[in-house]
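To start, the structure itself, in structure tokens.
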Amino acid sequence: MKPFPLQFFCADEQEYDGEAVSVTVPLHDGSAGILADHVNMISALQNGELTIDTGTEKIIYAVTEGLIEI
């Protein structure tokens, strides 16, 4: 899979800044998988797990309601 740059922020600090090959996020109507060259979108996050796959490891964050911009 093709890697892409990713920045992930919490309310008060940057949590992740690096490359990813995929990201899975919890949305109001289920989870969404994001790959390189994904269409632009803004959506509401719901409570759940955000998973970043770097190609060599998976990083999991617990997230609450917020926004995602792609």
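In summary, residue 2 fulfils each of the numbered conditions (1) of a type outside the set (Ser, Thr, Tyr); (2) touching a residue at least 24 places away in the same chain (Cβ under 8 Å); (3) open to solvent by 100 Å² or more (accessible area, probe 1.4 Å); (4) touching a strand residue (DSSP E or B) at 6+ places or on another chain (Cβ under 9 Å) with the single exception of condition (4).
Among the candidates 60, 68, 52, 34, the residue that is of a type in the set (A, V, I, L, M), loosely packed, with under 12 Cβ neighbours inside 10 Å and in contact with a strand residue (DSSP E or B) (Cβ under 6 Å, 6 or more places away or on another chain) is uniquely 60. Looking only at the stretch 15-70, residues that are touching a Ser or Thr at 6+ places or on another chain (Cβ under 6 Å), more than 16 Å from residue 1 (Cα to Cα) and not polar (S, T, N, Q) come to 3 in all.
Here is a check on your reading of the model: is residue 24 assigned to a strand (DSSP E or B) and open to solvent by 30 Å² or more (accessible area, probe 1.4 Å)? Judged against the criteria, residue 24 is a match.
The values are calculated or read from the model by the stated rules, or taken from the named source; none is laboratory data. Only a predicted model underlies this, so the values are computations on that prediction, with no experimental measurement involved. Neighbour counts run over all protein chains shown; Cβ positions are idealised from the backbone, glycine included. With ligands, DNA and RNA removed, areas are computed over all heavy atoms of the protein, side chains included. Shrake-Rupley method; radii C 1.70, N 1.55, O 1.52, S 1.80 Å.
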